[in-house]
Structure formats: structure tokens, C-alpha cells
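Data first, discussion second: the structure below is written as C-alpha cells.
The values are calculated or read from the model by the stated rules, or taken from the named source; none is laboratory data. Here the structure is a predicted model, which means the values were calculated and not measured. Heads up, the Cβs are rebuilt from the backbone with ideal geometry, glycines too, and the neighbour counts pull from every protein chain shown.
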């Protein structure tokens, strides 16, 4: 979206329009909706484009944090805080892509087919620099629950078992701790607990770590329940002695996986709650309905010249997800 707006309006005007979109996309009503479900935390996905002077085609070396980098994020966090909610800052997209997928902002293959991030030391260094600045800015903000430092990274071995990913985690954790920040740091497994190192790997920076897991059933699973049971059992057997967090999930299968059945979402939440595992459902809302979203809406204003750019219409609870999530949150 930013590239298209930059091209049409120029960077300065495009920035204003993106701010309008952000303000309309999440309103006080949305924060209250989250609160009313019974949840206490929002996992906020951000990519490096949201936080820097990015322009299309820019080399990672030239990407910089600016004096206004955190304006919109500050606004979001303060609104969450006013509604009694915490925010996990999720670094969803690094320069040159940590996984080669469109949701990482830079969809490109690189030498591994998984993004240029892992074959570009400058991109990795810039990501650590961004994380340092994020932590330095928010280290005294008690509405920030912590930092999810890299979403679903896939190194040359297609997961966090890759040595590059583990070393990046270690260096990024140190960058955050070098600011004096003591917030929780969330480290994602892609996709299993065995892909993560023992917390002792992080030496004196190992305090206040949470190991995070995402799960969506795939064609290798006989059922959605089976997929989640395996994940929960593997987490339980890993014995890392750090808290576990189910950061992304729903009952939508990937890669031709099994169809969800009635009761699957309740089963997942009951098991997570029984295992004393915090969770955040992916995602808050979705256009039209389906398995993605606690809420659904009919339409979103896509006209950049409108003061309602980004505003949703026809928003309502997306059942049965909404009721199941509300019951699950009240049991946690």
C-alpha cells in the first residue's frame, strides 16, 4: 500500500493518508471489543516499513528510524492502555524478508527461496538496529507486554533450527537488553519446540524470555485436534523451564490440511488453558467472516482521498469464533 501511495501522492502526503488509514482501521470501539471478549493483550504486527524512512527499492543500509517513527504506534499503545490492554510488539517483517512470504512486507526469494534477509548481513544488522530503537523507546512503557522479535523466520534449513536464526535471536536479545529494557522477549519456534535452543544459550540475557509457538493444521495432520495435540504435547515435553505462549492459531488449515469440525476451537482453548499457556488468536477481524477473526465486517473504505480511508462498515461478532473465544478467555 505504501509503495502505491508514495507513487501517486509523494512520501509526505502518503504518510498522512497512511496515518488516516491507521486511525480509522483501529478505533476506540475495536479496543473495547477486545476488552469485552475478555482478552487483555493485543499482538500488534509491525514491519520495518512502518517504523522507518522506507522508500521502494531502498537498500537496507539506508533505512533509518526517524523522529516520527513511533507516532502511530505510540497512539495505538496509549489507546490500548486506556482500555486496560497490553500490547505485544510483533516484528512481523524485516528488511529483505525473513521468510519470503507476502506478510513479511518484502516478498522475495533470495538464494534460499526464503527471503534475502538471511544472505544479507546488512539486512540482519538493520533489523537488530530497529529492535534496539524500539526497545529504547518503549523500555519504560508498562502497557507494552514485550517484543516478539521476528515473526516465523525461516533460515536455509526452513526453520528456527537453522544456526543463522539462532544466532540472530541471540544477538537481537542482546541488542534489546543493551538498552536496559527488561520487558518480556518472545522467541518463536518454527515450528516445533525442538527448533529452539535451551534458554542457557542466551547467557546473561536469558531472563524474562517466553518461547512462542504458532500452529495451523497441514496436510500431514489427520485432524485439527491431532495437529494441536501434537504441538501441545511437544511443548509439554520440551522442559525448557520458560513460559510458553501460543501466539498465532485458528482452525483454518494450510496446504490442503483437514477441515475444522465443530468444537475444534473450544478444544484448543481448553487445552491451552489447562496447560497454563497464554494465547492470542489470529486474527482480530476479517472481511466477510470464516475461520479467521473474532469479528467480521462487510466493507472497508479503500479510497485514499476519503477522510474515512480505512474505516470499516457492518462490523459484528464473527460466530461461532466470537462466543468460543469469549468463553475461553473467561476460563483462562
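Data table
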item: Checklist (1) over 20 Å from the mean Cα position of the chain (by Cα); (2) closer than 25 Å to residue 324 by Cα; (3) buried (at least 18 other Cβ atoms within 10 Å of the Cβ); (4) modelled with pLDDT of 95 or more applied to residue 272, failing item; result: (1)
item: Residue within the stretch 76-85 that is within 29 Å of residue 119 (Cβ to Cβ) and at pLDDT 95 or above present; result: no
item: Sole residue being modelled with pLDDT of 95 or more and either part of a loop (DSSP other than H, G, I, E, B) or closer than 22 Å to residue 276 by Cβ (or both), chosen from 179, 218; result: 179
item: The stretch 276-302: number of residues that are over 30 Å from residue 21 (Cβ atoms) and loosely packed, with under 15 Cβ neighbours inside 10 Å; result: 1
item: Matching residues, the stretch 182-215, being without any contact (Cβ under 8 Å) to a residue 40 or more places away in the chain and in a helix (DSSP H, G or I); result: 195, 200, 201, 202, 203, 204, 205
item: Which listed residue is buried (at least 17 other Cβ atoms within 10 Å of the Cβ) and over 19 Å from the mean Cα position of the chain (by Cα), from 257, 247; result: 257
item: Subset of the stretch 134-154 [crowded, with 24+ Cβ neighbours inside 10 Å and out of contact with any strand residue (DSSP E or B) (no Cβ under 9 Å at 6 or more places or on another chain)]; result: 154
item: Subset of the stretch 37-53 (residues that are farther than 24 Å from residue 318 by Cα and touching a residue at least 60 places away in the same chain (Cβ under 8 Å)); result: 48, 51, 52
item: Answer residue from the stretch 316-325, given it is in contact with a strand residue (DSSP E or B) (Cβ under 8 Å, 6 or more places away or on another chain) and surrounded by fewer than 19 Cβ atoms within 10 Å (Cβ to Cβ) and is farthest from residue 16 (Cα to Cα) among those; result: 323
item: Entirely in the stretch 1-102, the helices (runs of 4 or more DSSP H) that have 3 or more residues that are within 23 Å of residue 132 (Cα to Cα); result: 48-51, 71-82
item: Which numbered condition residue 179 misses (of (1) more than 14 Å from residue 128 (Cα to Cα); (2) touching a residue at least 40 places away in the same chain (Cβ under 8 Å); (3) surrounded by fewer than 23 Cβ atoms within 10 Å (Cβ to Cβ)); result: (1)
